Amino acid sequence: MKENVGFIGAGNMCQALVDGWIGKSVLKPESVFVSNRTPGKIKKLQENAHVQGCATNEELVDAANVILLTVKPQDLIAAIEPIATSFRADQIVISLAAGIQLARLRKLLPQCSHLVRVMANTPARVLRGTFAYCTRTDDLVVDLCMDRLFKPLGFTLRLEEGEPFEAFTVATSAGVGFIYEFMIYWQEWLEEHGLESEDAQQMTIQTFAGAAELALKSLPQSLSELQAKVTSKKGITAAGLESLRELEIERLLRYSFEKAALRDRELSQD
Ligand SMILES: NC(=O)c1ccc[n+]([C@@H]2O[C@H](COP(=O)([O-])OP(=O)(O)OC[C@H]3O[C@@H](n4cnc5c(N)ncnc54)[C@H](OP(=O)(O)O)[C@@H]3O)[C@@H](O)[C@H]2O)c1
(Lines give C-alpha, C1' and ligand atoms only; values in the text may rest on other atoms or scores of the structure.)
Protein backbone atom coordinates (compact mmCIF):
# COMPACT_ATOMS: atom_id res chain seq x y z
CA MET A 1 0.00 0.00 0.00
CA LYS A 2 1.28 3.50 -0.78
CA GLU A 3 1.08 5.54 2.40
CA ASN A 4 0.19 9.20 2.38
CA VAL A 5 1.17 10.11 5.92
CA GLY A 6 -0.31 13.18 7.60
CA PHE A 7 0.64 14.87 10.86
CA ILE A 8 -1.86 16.95 12.82
CA GLY A 9 0.57 19.05 14.90
CA ALA A 10 3.97 19.99 13.45
CA GLY A 11 6.01 20.26 16.67
CA ASN A 12 9.04 18.36 18.01
CA MET A 13 7.70 14.83 17.59
CA CYS A 14 6.41 15.44 14.07
CA GLN A 15 9.74 16.98 13.07
CA ALA A 16 11.71 14.05 14.54
CA LEU A 17 9.60 11.50 12.62
CA VAL A 18 9.66 13.50 9.37
CA ASP A 19 13.47 13.77 9.56
CA GLY A 20 13.77 10.04 10.23
CA TRP A 21 11.36 8.89 7.50
CA ILE A 22 12.59 11.21 4.79
CA GLY A 23 16.25 10.76 5.80
CA LYS A 24 15.89 6.97 5.64
CA SER A 25 13.83 7.13 2.40
CA VAL A 26 10.92 5.35 4.08
CA LEU A 27 8.69 8.13 2.73
CA LYS A 28 9.06 10.65 -0.05
CA PRO A 29 8.39 14.32 0.83
CA GLU A 30 5.44 14.40 -1.60
CA SER A 31 3.63 11.76 0.47
CA VAL A 32 4.04 13.59 3.80
CA PHE A 33 1.38 16.14 4.83
CA VAL A 34 1.47 18.46 7.84
CA SER A 35 -1.04 20.77 9.48
CA ASN A 36 -0.56 22.95 12.55
CA ARG A 37 -2.52 25.41 14.69
CA THR A 38 -0.28 28.29 13.58
CA PRO A 39 1.51 28.34 10.19
CA GLY A 40 5.17 28.97 11.24
CA LYS A 41 6.18 25.31 11.74
CA ILE A 42 4.46 24.20 8.52
CA LYS A 43 6.49 26.75 6.59
CA LYS A 44 9.71 25.59 8.25
CA LEU A 45 8.98 21.94 7.42
CA GLN A 46 8.08 22.83 3.83
CA GLU A 47 11.39 24.69 3.45
CA ASN A 48 13.58 22.14 5.22
CA ALA A 49 11.97 18.82 4.35
CA HIS A 50 9.85 19.78 1.28
CA VAL A 51 6.72 18.17 2.73
CA GLN A 52 3.16 19.20 1.79
CA GLY A 53 1.56 21.85 4.00
CA CYS A 54 -2.19 21.76 4.67
CA ALA A 55 -4.10 24.92 5.58
CA THR A 56 -6.54 23.00 7.84
CA ASN A 57 -6.67 19.71 9.73
CA GLU A 58 -9.66 18.72 7.62
CA GLU A 59 -7.66 19.15 4.42
CA LEU A 60 -5.00 16.89 5.92
CA VAL A 61 -7.53 14.19 6.82
CA ASP A 62 -8.73 14.23 3.21
CA ALA A 63 -5.20 13.87 1.84
CA ALA A 64 -3.72 11.14 4.06
CA ASN A 65 -4.49 7.47 4.66
CA VAL A 66 -2.23 7.24 7.73
CA ILE A 67 -2.83 10.09 10.19
CA LEU A 68 -0.57 10.83 13.14
CA LEU A 69 -1.99 12.88 15.98
CA THR A 70 1.06 14.80 17.21
CA VAL A 71 -0.57 17.52 19.27
CA LYS A 72 -0.12 17.80 23.05
CA PRO A 73 -2.55 15.56 24.99
CA GLN A 74 -4.45 18.59 26.32
CA ASP A 75 -5.03 19.82 22.72
CA LEU A 76 -6.12 16.50 21.22
CA ILE A 77 -9.88 16.66 21.81
CA ALA A 78 -10.13 20.29 20.61
CA ALA A 79 -8.15 19.40 17.47
CA ILE A 80 -10.07 16.24 16.52
CA GLU A 81 -13.66 16.64 17.78
CA PRO A 82 -14.70 19.33 15.26
CA ILE A 83 -13.46 17.24 12.30
CA ALA A 84 -14.16 13.74 13.67
CA THR A 85 -16.74 12.90 11.00
CA SER A 86 -14.19 13.61 8.23
CA PHE A 87 -12.13 10.56 9.20
CA ARG A 88 -12.75 7.47 7.06
CA ALA A 89 -13.20 3.92 8.37
CA ASP A 90 -10.13 2.52 6.59
CA GLN A 91 -7.67 5.22 7.66
CA ILE A 92 -4.97 4.28 10.16
CA VAL A 93 -5.01 6.80 12.98
CA ILE A 94 -1.90 6.83 15.18
CA SER A 95 -2.05 8.89 18.36
CA LEU A 96 1.22 9.85 20.00
CA ALA A 97 -0.46 11.80 22.78
CA ALA A 98 0.83 10.67 26.16
CA GLY A 99 -1.87 9.43 28.52
CA ILE A 100 -4.73 9.30 25.98
CA GLN A 101 -6.05 5.75 26.09
CA LEU A 102 -7.38 3.69 23.18
CA ALA A 103 -10.90 3.73 24.64
CA ARG A 104 -10.85 7.53 24.50
CA LEU A 105 -9.72 7.46 20.87
CA ARG A 106 -12.46 4.94 20.01
CA LYS A 107 -15.06 7.24 21.53
CA LEU A 108 -13.67 10.16 19.54
CA LEU A 109 -13.44 8.30 16.20
CA PRO A 110 -15.90 5.39 16.44
CA GLN A 111 -16.00 4.84 12.67
CA CYS A 112 -12.23 4.20 12.39
CA SER A 113 -11.24 0.51 12.39
CA HIS A 114 -7.50 1.04 12.78
CA LEU A 115 -6.72 3.08 15.86
CA VAL A 116 -3.25 2.90 17.37
CA ARG A 117 -1.68 4.41 20.44
CA VAL A 118 2.07 4.89 20.12
CA MET A 119 4.67 6.01 22.61
CA ALA A 120 7.75 7.35 20.93
CA ASN A 121 10.88 9.28 21.74
CA THR A 122 12.78 11.97 19.86
CA PRO A 123 15.97 9.92 19.14
CA ALA A 124 13.82 8.73 16.22
CA ARG A 125 15.33 11.74 14.48
CA VAL A 126 18.70 9.92 14.40
CA LEU A 127 17.16 6.47 13.80
CA ARG A 128 17.58 5.50 17.46
CA GLY A 129 13.93 5.79 18.42
CA THR A 130 12.20 3.45 20.86
CA PHE A 131 8.53 2.86 20.08
CA ALA A 132 5.75 0.93 21.77
CA TYR A 133 2.26 0.60 20.35
CA CYS A 134 -1.04 -0.87 21.36
CA THR A 135 -4.04 -1.57 19.18
CA ARG A 136 -6.90 -4.08 18.75
CA THR A 137 -5.42 -7.59 19.18
CA ASP A 138 -5.97 -8.87 15.65
CA ASP A 139 -5.28 -5.68 13.70
CA LEU A 140 -2.79 -6.96 11.10
CA VAL A 141 -3.13 -3.77 9.03
CA VAL A 142 -1.70 -1.83 11.94
CA ASP A 143 1.06 -4.40 12.60
CA LEU A 144 2.19 -4.09 8.96
CA CYS A 145 2.04 -0.30 9.05
CA MET A 146 4.07 -0.15 12.29
CA ASP A 147 6.68 -2.52 10.83
CA ARG A 148 7.01 -0.49 7.69
CA LEU A 149 7.02 2.98 9.23
CA PHE A 150 8.48 2.68 12.71
CA LYS A 151 10.95 -0.24 12.54
CA PRO A 152 13.37 1.68 10.27
CA LEU A 153 13.56 4.41 12.94
CA GLY A 154 14.61 2.17 15.82
CA PHE A 155 13.27 -0.45 18.19
CA THR A 156 9.53 -1.20 17.98
CA LEU A 157 7.46 -3.29 20.36
CA ARG A 158 3.75 -4.14 20.58
CA LEU A 159 2.57 -3.93 24.18
CA GLU A 160 -0.60 -4.31 26.21
CA GLU A 161 -2.12 -1.05 27.32
CA GLY A 162 -1.79 -0.58 31.10
CA GLU A 163 1.25 -1.17 33.30
CA PRO A 164 3.75 -2.30 30.59
CA PHE A 165 2.86 0.66 28.37
CA GLU A 166 3.12 3.06 31.30
CA ALA A 167 6.54 1.69 32.29
CA PHE A 168 7.68 2.02 28.69
CA THR A 169 6.49 5.64 28.62
CA VAL A 170 8.42 6.55 31.74
CA ALA A 171 11.65 4.72 30.96
CA THR A 172 12.03 5.52 27.28
CA SER A 173 10.14 8.72 26.59
CA ALA A 174 10.49 10.68 29.83
CA GLY A 175 13.73 8.70 30.17
CA VAL A 176 15.41 10.81 27.47
CA GLY A 177 14.89 13.86 29.69
CA PHE A 178 16.23 11.96 32.73
CA ILE A 179 19.38 11.01 30.83
CA TYR A 180 19.95 14.66 29.84
CA GLU A 181 19.73 15.54 33.54
CA PHE A 182 22.66 13.19 34.23
CA MET A 183 24.54 14.55 31.24
CA ILE A 184 24.14 18.14 32.47
CA TYR A 185 25.81 17.27 35.82
CA TRP A 186 28.50 15.28 33.99
CA GLN A 187 29.37 18.29 31.84
CA GLU A 188 29.21 20.72 34.80
CA TRP A 189 31.63 18.57 36.81
CA LEU A 190 34.13 18.55 33.94
CA GLU A 191 33.84 22.34 33.63
CA GLU A 192 34.37 22.79 37.36
CA HIS A 193 37.62 20.86 36.91
CA GLY A 194 39.02 23.15 34.25
CA LEU A 195 37.66 21.84 30.94
CA GLU A 196 36.26 24.23 28.34
CA SER A 197 32.48 24.08 28.09
CA GLU A 198 32.47 22.85 24.47
CA ASP A 199 35.04 20.13 25.20
CA ALA A 200 33.17 19.09 28.34
CA GLN A 201 29.92 18.77 26.37
CA GLN A 202 31.58 16.69 23.62
CA MET A 203 33.23 14.40 26.19
CA THR A 204 29.96 13.89 28.02
CA ILE A 205 28.04 13.09 24.85
CA GLN A 206 30.75 10.71 23.58
CA THR A 207 30.82 8.88 26.92
CA PHE A 208 27.05 8.30 26.96
CA ALA A 209 26.81 7.52 23.24
CA GLY A 210 29.89 5.28 23.38
CA ALA A 211 28.66 3.32 26.39
CA ALA A 212 25.24 2.84 24.77
CA GLU A 213 26.66 1.88 21.36
CA LEU A 214 29.03 -0.63 22.95
CA ALA A 215 26.20 -2.18 24.96
CA LEU A 216 24.14 -2.50 21.77
CA LYS A 217 27.00 -4.11 19.85
CA SER A 218 27.72 -6.46 22.78
CA LEU A 219 24.19 -7.93 22.99
CA PRO A 220 23.21 -10.45 24.38
CA GLN A 221 25.78 -9.65 27.07
CA SER A 222 24.07 -8.18 30.10
CA LEU A 223 24.71 -4.63 31.31
CA SER A 224 26.11 -6.02 34.58
CA GLU A 225 28.65 -8.11 32.65
CA LEU A 226 29.73 -5.03 30.67
CA GLN A 227 30.02 -3.03 33.88
CA ALA A 228 32.16 -5.75 35.48
CA LYS A 229 34.52 -5.57 32.48
CA VAL A 230 35.29 -1.89 33.14
CA THR A 231 35.50 -2.21 36.93
CA SER A 232 38.75 -3.54 38.35
CA LYS A 233 38.87 -4.40 42.04
CA LYS A 234 39.93 -1.39 44.14
CA GLY A 235 40.22 0.72 40.97
CA ILE A 236 38.74 4.17 40.33
CA THR A 237 35.50 2.92 38.74
CA ALA A 238 34.96 0.63 41.75
CA ALA A 239 35.48 3.53 44.17
CA GLY A 240 32.97 5.73 42.35
CA LEU A 241 30.42 2.92 42.04
CA GLU A 242 30.67 2.12 45.73
CA SER A 243 29.79 5.72 46.50
CA LEU A 244 26.90 5.75 44.01
CA ARG A 245 25.48 2.68 45.75
CA GLU A 246 26.04 4.05 49.25
CA LEU A 247 24.14 7.17 48.22
CA GLU A 248 21.35 4.86 47.00
CA ILE A 249 21.17 5.92 43.37
CA GLU A 250 18.82 2.97 42.71
CA ARG A 251 16.31 4.23 45.28
CA LEU A 252 16.52 7.73 43.85
CA LEU A 253 15.88 6.47 40.31
CA ARG A 254 13.04 4.17 41.33
CA TYR A 255 11.38 7.01 43.22
CA SER A 256 11.67 9.34 40.20
CA PHE A 257 10.30 6.68 37.81
CA GLU A 258 7.33 6.08 40.12
CA LYS A 259 6.65 9.83 40.33
CA ALA A 260 6.63 10.04 36.52
CA ALA A 261 4.36 6.98 36.29
CA LEU A 262 1.95 8.64 38.71
CA ARG A 263 1.82 11.74 36.50
CA ASP A 264 1.16 9.53 33.47
CA ARG A 265 -1.80 7.98 35.32
CA GLU A 266 -3.10 11.43 36.30
CA LEU A 267 -2.91 12.58 32.66
CA SER A 268 -4.89 9.48 31.56
CA GLN A 269 -7.65 10.35 34.01
CA ASP A 270 -7.88 14.07 33.18
N1 LIG B 1 8.57 15.45 22.49
C2 LIG B 1 8.73 14.25 23.02
O3 LIG B 1 9.82 13.82 23.41
C4 LIG B 1 7.55 13.31 23.12
C5 LIG B 1 7.79 12.01 23.58
C6 LIG B 1 6.71 11.12 23.63
C7 LIG B 1 5.45 11.53 23.26
N8 LIG B 1 5.25 12.79 22.84
C9 LIG B 1 3.89 13.15 22.47
O10 LIG B 1 3.90 13.70 21.19
C11 LIG B 1 2.89 14.70 21.10
C12 LIG B 1 3.51 15.95 20.53
O13 LIG B 1 4.53 16.40 21.40
P14 LIG B 1 5.56 17.51 20.92
O15 LIG B 1 6.68 17.48 21.88
O16 LIG B 1 5.81 17.35 19.47
O17 LIG B 1 4.67 18.83 21.16
P18 LIG B 1 4.86 20.27 20.51
O19 LIG B 1 6.26 20.46 20.07
O20 LIG B 1 4.25 21.25 21.43
O21 LIG B 1 3.95 20.17 19.19
C22 LIG B 1 2.56 20.13 19.24
C23 LIG B 1 2.06 20.90 18.04
O24 LIG B 1 0.66 20.74 17.97
C25 LIG B 1 0.14 21.94 17.41
N26 LIG B 1 -1.29 22.04 17.67
C27 LIG B 1 -1.94 22.30 18.83
N28 LIG B 1 -3.27 22.32 18.64
C29 LIG B 1 -3.48 22.06 17.33
C30 LIG B 1 -4.64 21.95 16.53
N31 LIG B 1 -5.87 22.11 17.01
N32 LIG B 1 -4.47 21.65 15.22
C33 LIG B 1 -3.23 21.49 14.69
N34 LIG B 1 -2.10 21.61 15.39
C35 LIG B 1 -2.22 21.87 16.71
C36 LIG B 1 0.94 23.04 18.07
O37 LIG B 1 0.84 24.22 17.29
P38 LIG B 1 1.45 25.66 17.69
O39 LIG B 1 2.74 25.78 16.93
O40 LIG B 1 0.43 26.63 17.24
O41 LIG B 1 1.64 25.64 19.17
C42 LIG B 1 2.33 22.41 18.09
O43 LIG B 1 3.10 22.75 16.97
C44 LIG B 1 2.35 14.93 22.51
O45 LIG B 1 1.06 14.39 22.62
C46 LIG B 1 3.32 14.21 23.41
O47 LIG B 1 2.63 13.60 24.48
C48 LIG B 1 6.26 13.70 22.75
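Table for the structure above
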item	result
Check: the range 5-161 dipole with +1 on Lys, Arg Cβ and -1 on Asp, Glu Cβ, in debye	400 debye
For the chain, alpha-carbon Rg over 2.2 N^0.38 Å	1.14
Highest-MSF residue in the chain out of Val18, Val66, Val230 [GNM, Cα springs under 10 Å]	Val230
nm² value of the averaged projected area, convex hull over the Cα atoms of the range 166-269	8.2 nm²
Computed log₁₀ I(q)/I(0) - Debye formula, equal Cα scatterers, no solvent, the range 139-216, q 0.14 Å⁻¹	-0.67
Share of Cα-Cα pairs in the range 86-197 lying beyond 16 Å, as whole percent	64 percent
Percent carbon-and-sulfur accessible area, the range 5-161, ignoring ligands, DNA and RNA, probe 1.4 Å	53 percent
Expected 222 nm ellipticity per residue - DSSP helices of 4 or more, -39500 (n - 2.57), all of the chain, to 500	-15500 deg cm²/dmol
Per residue, the convex hull volume that the Cα atoms of the range 89-136 enclose (Å³)	75 Å³
Accessible area of the chain divided out per residue, in Å², using a probe of 1.4 angstrom	59 Å²
Dimensionless Rg over Rh [the range 5-161; C-alpha; Kirkwood]	0.92
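The values are calculated or read from the model by the stated rules, or taken from the named source; none is laboratory data. Since we're looking at a predicted model, the values are computed, not measured. Virtual Cβ from ideal backbone geometry, glycine too; neighbours counted across all protein chains shown. Remember, those area values only see protein heavy atoms, side chains included, never the ligands or the DNA or RNA. Shrake-Rupley method; radii C 1.70, N 1.55, O 1.52, S 1.80 Å.
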